[in-house]
Amino acid sequence: MKKGEKTACLILGAGKGTRMRSSLPKVLHRIQGKTMIEHVLELVAPFGFIPTVVVTGYKGAEVAKAAKGVKIIRQKKLLGSGHAVISAKAAFAPLKGDLLVMCGDTPLVRRDTLRRLLKEHRSNGAACTLVTAKLKDPAGYGRILRDENDDIEGILEETDILAGNSATDEINVGAYCFDIVHLFEALKSVKINKKKKEYYLTDVIDLLRKRGLKIESVCTQDEKEALGVNSRKDLSSAEEVMRERALKRSMDNGVTVVDPRNTYIDKSCEIGRDTVIMPFTMIEGDVKIGRDCTVGPFARLRSGTRLDDGAEIGNFVEVTRSRIGSGTKIKHHSYIGDAFVGKNANIGAGTITANYDGKKKNRTVIKDGAFIGSGTIFVAPVTVGRKAVTGAGSVLTKNTKVPDSSVVLGVPARILKEDR
């Protein structure tokens with residue numbers, strides 16, 4: 001690549017995924033609450049590729065909705081990965097620079113691996129640099145073929161493997177960086193595979209080598225990156241890998257996870273140092289937790305939740321789209337949705353914010369130092385003032401505003417005492 005030329009990115013997301021046995025396009029199956037295509041797009045986003053293009057095919061309109069902010073090209077006939085790349089050629093005109101090509105069903109590739117790939121490719125003058133991995137059980141993957149000098153001479157797809165080639169344990173991960181001119185020149189010579197009736201992108205490797213061009217590779221440091229999702233079992237395995245990574249990252253950052261085997265933390269979560277996560281806790285989406293918090297056991301924090309330092313969320317508590325202030329305790333059997341809870345408040349067992357009126361979500365505000373009695377129901381929108389108290393079993397109806405330092409009680413709740 002010449003100085004000043006930019007790298008483009010192409011993500012292949014056209015496949016149906018027959019082995020998934022689903023009406024969904026393969027790349028729309030979810031891992032940790034996000035589609036695979038979203039995970040891959042998040043992976044490449046920090047590199048600033050211009051342009052980033054997604055090739056769609058089967059139910060392409062649905063894939064396009066998930067692939068926001070990038071250029072979409074439709075592969076009109078599903079004739080394989082090589083044909084998918086050819087379908088996108090016009091998006092990269094004029095052809096110059098490098099092109100990163102990734103499969104939309106490889107969400108476990110690490111960003112550091114892509115950095116290594118790009119760095120190696122830009123420094124070695126190769127026509128193609130690709131990511132490989134060595135697996136104990138390489139069944140189901142295309143194999144890397146090397147010559148006596150250990151140079152790559154081709155990739156053999158799983159369906160074409162012969163007995164003599166089956167011993168190799170090095171597989172093709174499905175991430176490549178190409179000199180874009182050499183790529184599209186070679187694609188002109190790719191022939192349809194007689195078994196699959198498809199044009200394989202991997203055939204380009206052999207063609208480039210025969211033209212005397214250099215092929216290089218980087219090998220993953222973690223074989224789990226190589227997992228492509230082709231079945232429901234693979235989907236479950238990918239979910240487990242992402243969960244393990246999120247747990248490890250949290251623990252490396254100073255979070256205590258009491259029982260990692262029975263704790264779910266989404267990779268999007270941010271958790272502060274010295275927070276303790278108890279067993280059977282689920283933290284999903286863009287949750288942010290401060291320092292010195294306690295969460296669980298059997299708690300669920302959903303997307304949009306913010307816990308300030310020192311907050312405590314106990315057993316069978318669900319929180320969504322809410323901010324919980326520092327030092328506040330919500331210890332038992334409660335649902336807090338679309339709420340703001342101030343500092344040092346106490347939320348009694350069985351408290352419910354009835355946030356949905358059938359048309360929209362409404363907000364509950366509970367200010368600093370409030371004491372909420374067990375079984376209180378807030379029919380939002382409701383506001384509870386500083387150091388106010390609600391009696392056990394109270395129902396605060398829509399648009400109720402409880403003054404600071406007052407006590408309310410009953411169904412519906414009435415002011416029992418002001419300025420306590």
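Summary of computed values
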| item | result |
| --- | --- |
| Lone qualifier among Phe378, Phe371 - being modelled with pLDDT of 95 or more, under 19 Å from Lys401 (Cβ atoms) and surrounded by fewer than 22 Cβ atoms within 10 Å (Cβ to Cβ) | Phe371 |
| Among the candidates Glu42, Glu120, Glu38, residue that is in a helix (DSSP H, G or I), without any contact (Cβ under 8 Å) to a residue 40 or more places away in the chain and surrounded by fewer than 18 Cβ atoms within 10 Å (Cβ to Cβ) | Glu42 |
| Selection from the stretch 270-284 of residues that are surrounded by 22 or more Cβ atoms within 10 Å (Cβ to Cβ) and either of a type in the set (D, E, K, R) or in a loop (DSSP other than H, G, I, E, B) (or both) | Thr275 |
| Residue list for the stretch 213-234, restricted to those being at pLDDT 95 or above, farther than 13 Å from Ala133 by Cβ and not charged (D, E, K, R) | Leu213, Ile215 |
| Residues within the stretch 75-106 that are without any contact (Cβ under 8 Å) to a residue 60 or more places away in the chain and part of a strand (DSSP E or B), tallied | 0 |
| Residue within the stretch 323-341 that is assigned to a loop (DSSP other than H, G, I, E, B), touching a residue at least 40 places away in the same chain (Cβ under 8 Å) and more than 23 Å from Val389 (Cα to Cα) present | no |
| Verdict on Asp206 being at positive phi and modelled with pLDDT of 90 or more | no |
| Residue in the stretch 303-312 that is over 16 Å from Arg291 (Cα atoms) and either in a strand (DSSP E or B) or outside the structural domain of Lys398 (by TED's automatic domain parsing) (or both) present | no |
| Unique match (being assigned by TED's automatic domain parsing to the domain that holds Pro94, touching a Leu at 6+ places or on another chain (Cβ under 8 Å) and surrounded by fewer than 19 Cβ atoms within 10 Å (Cβ to Cβ)) among Lys59, Lys71 | Lys59 |
| Only listed residue being surrounded by 20 or more Cβ atoms within 10 Å (Cβ to Cβ), modelled with pLDDT of 95 or more and more than 14 Å from Thr7 (Cα to Cα), chosen from Val101, Val109 | Val109 |
| Residue tally, condition surrounded by fewer than 17 Cβ atoms within 10 Å (Cβ to Cβ), without any contact (Cβ under 8 Å) to a residue 40 or more places away in the chain and of a type outside the set (Gly, Ala, Ser), over the stretch 221-244 | 3 |
| Test: residue in the stretch 102-123 that is closer than 22 Å to Thr18 by Cα and of a type in the set (Gly, Ala, Ser) | yes |
| Residue within the stretch 313-334 that is over 23 Å from Pro381 (Cα atoms), crowded, with 23+ Cβ neighbours inside 10 Å and of a type outside the set (Asp, Glu) present | no |
| Any hit, the stretch 350-357, residues being in the same structural domain as Phe316 (by TED's automatic domain parsing), surrounded by fewer than 17 Cβ atoms within 10 Å (Cβ to Cβ), at pLDDT below 95 and in a loop (DSSP other than H, G, I, E, B) | yes |
| Residue within the stretch 247-257 that is modelled with pLDDT of 95 or more, under 19 Å from Pro107 (Cα atoms) and touching a strand residue (DSSP E or B) at 6+ places or on another chain (Cβ under 8 Å) present | yes |
| Selection within the stretch 24-35 - over 30 Å from Pro94 (Cβ atoms) and either aliphatic (A, V, I, L, M) or not in a loop (DSSP other than H, G, I, E, B) (or both) | Leu24, Lys26, Leu28, Arg30, Ile31, Lys34, Thr35 |
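Condition check ((1) under 26 Å from the mean Cα position of the chain (by Cα); (2) more than 19 Å from Gly272 (Cβ to Cβ)) across all residues:
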site	(1), (2)
Phe298	yes, yes
Ile313	yes, no
Val319	yes, no
Val341	no, no
Asn346	no, yes
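Here's the yes/no breakdown for (1) closer than 29 Å to Leu24 by Cα; (2) in a helix (DSSP H, G or I):
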residue	(1), (2)
Val229	yes, no
Lys233	yes, yes
Met242	yes, yes
Arg245	yes, yes
Arg249	no, yes
Tyr264	yes, no
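The values are calculated or read from the model by the stated rules, or taken from the named source; none is laboratory data. These figures come from a predicted structure and were not determined experimentally. Reconstructed Cβ throughout: ideal geometry from the backbone, glycine too, with neighbour counts over all protein chains shown.
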